[in-house]
């Protein structure tokens, strides 16, 4: 490379080098005929992408992961996709208020617990998926924990260390 080439690169850049446009995962999925509206993407520092959400069946889930894996500069895919239609959004029932009544000793009676189950204190790095995997043996049941804690959680992806979560018992089916 001569002096003039270097000067040209400094002043205007090398015109022979084409800039590559990188498309996001939602755009790439749409181009492949996949609706990304039920999916969420997290971009990790190692260049991988974590995918969560819902797919109608296993073949769609596999196809989503394959398409994302083939995006330039994506080093890998972490699959947190739940196979099957999403459960309809549960309408939270109004909280049950138990009136305290006086007992003969003058002490108030303890209110009954609203949701049967255990409690879990969120630690740094926890996710509802990981907590569900630990408590139920399946991360896919994370929405059960979220639904039981809508009084303190607005979003299943946003929990904070120190929060005390109710871990509901699973109904036997």
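Any read-out appearing in this document is the output of simple, stated calculations on the displayed coordinates, not a laboratory observation. These figures come from a predicted structure and were not determined experimentally. Cβ placement follows ideal geometry from the backbone for every residue including glycine, while neighbour counts extend to all protein chains displayed.
See the values below:
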read-out: FRET E, pair residue 119, residue 31, Förster distance 35 Å, beta-carbon r, rounded to 0.05; value: 0.15
read-out: Added length on full extension, which subtracts the Cα-Cα distance from 0.36 nm per residue, residue 23 to residue 54; value: 9.0 nm
read-out: Protection proxy ranking, peptides 73-80, 119-126, average beta carbon neighbours within 10 Å, highest first; value: 73-80, 119-126
read-out: Three-way shape label, the stretch 117-168, alpha-carbon gyration tensor, a/c 1.5; value: rounded
